[in-house]
Amino acid sequence: QQEGEVTVDQLYSTGEGYRTALNGVYQAMGRPALYGREFSFGLVDCMSQQYDLANESFSTDLYIKASEFKYNDVSLVDFIDNIWTSGFKVIANANDLIQNIEKASPELFEEGELERNLIMGEAYACRALMHFDLLRIYAPSLAMNPGDRLFIPYVDKYPSYLSDRQTVGYCLERIIADLVEAQKILK
């Protein structure tokens, strides 16, 4: 173990460790590949053609290609793959947190069961939100009638080395279930 590194057992041995893990999930969600840019005002808005990309002061070649739906362009593929990878890293961290906090004793937390439930409920909600936005980017809406086609995996285990892609309907059902669980826990 290198200096400054914390093992999983050390991280999840105190309430502070659980708070740190949840903070890490939020920090990862705030990075530019996700809500720090691409899910807020970058790629998503360019894909939905919210901007006049003829204005050279704002646009980049990647955003122009995204607005033209050139998703297979070599320069855009890595950009889009980075969003996918970043999103599923957040999901993995949320899953790890959920699995550990579900078996954690409330005595580890300064505020007991209340704090434990707050952290767990937020982790469920983060997992649902991340799946929702990945589904929004990588799959058509239900209105487009995607039927039985498979798009993204719904990952709820850690570790998960290979997860099967699922239908839009299945993913939406799981997203709703996670949000309902989060609401129940947070009551």
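Note on the chain: with neighbouring protein chains present and a 1.4 Å probe, carbon and sulfur make up 52 percent of its accessible heavy-atom surface.
Most tightly packed first, judged by the mean number of other beta-carbon atoms within 10 Å of their residues, the peptides 95-105, 36-46, 143-153 read 36-46, 95-105, 143-153.
Starting from the Cα gyration tensor of segment 1-134, multiply each eigenvalue by 5, take the square root, and state the resulting semi-axes largest first in whole Å. Mind showing how you got there, number by number?
Working: eigenvalues 278, 44, 27 Å².
Output for segment 1-134: semi-axes of 37, 15, 12 Å.
Summarising the overall dimensions of segment 70-138 from its C-alpha atoms, the Rg and Dmax are 16.4, 53 angstrom.
Taken along its three principal axes, the alpha carbon spread of segment 10-82 comes to 53, 22, 18 Å, from the longest extent down to the shortest. For residue 176 and residue 99, a Förster radius of 22 Å and the Cβ-Cβ distance give a FRET efficiency of 0.60, rounded to the nearest 0.05. Normalised by the number of residues in the chain, the mean separation of alpha-carbon contacts (under 8 Å, six or more apart) gives a relative contact order of 20 percent. Compared with the direct C-alpha span, the chain from residue 148 to residue 60 gains 28.1 nm at full extension, assuming 0.36 nm per residue.
Using 0.36 nm per residue and subtracting the Cα-Cα separation, the extra length available between residue 40 and residue 77 on full extension is 11.4 nm. Lysine pair count for the chain with Cα-Cα distance under 25 Å and sequence separation of 8 or more or different chains is 7.
Given R0 = 35 Å, the distance between the Cβ atoms of residue 10 and residue 84 translates into a calculated FRET efficiency of 0.70. Centre-to-centre separation between the Cα atoms of segment 92-165 and those of segment 24-83: 23 Å.
Given a 1.4 angstrom probe, what's the average accessible area per residue across the chain, in square angstrom? Before the final figure, lay out the partial values.
Values: 10900 Å² over 187 residues.
Here the residues of the chain average 58 Å² of exposed surface.
The values are calculated or read from the model by the stated rules, or taken from the named source; none is laboratory data. Treat the numbers as computed from the prediction; the structure is a model and nothing was measured. All Cβ positions, even for glycine, are placed from backbone atoms using ideal geometry, and neighbour counts span all protein chains on display. Areas reflect the complete protein model, heavy atoms only, side chains present, ligands, DNA and RNA absent. Shrake-Rupley method; radii C 1.70, N 1.55, O 1.52, S 1.80 Å.
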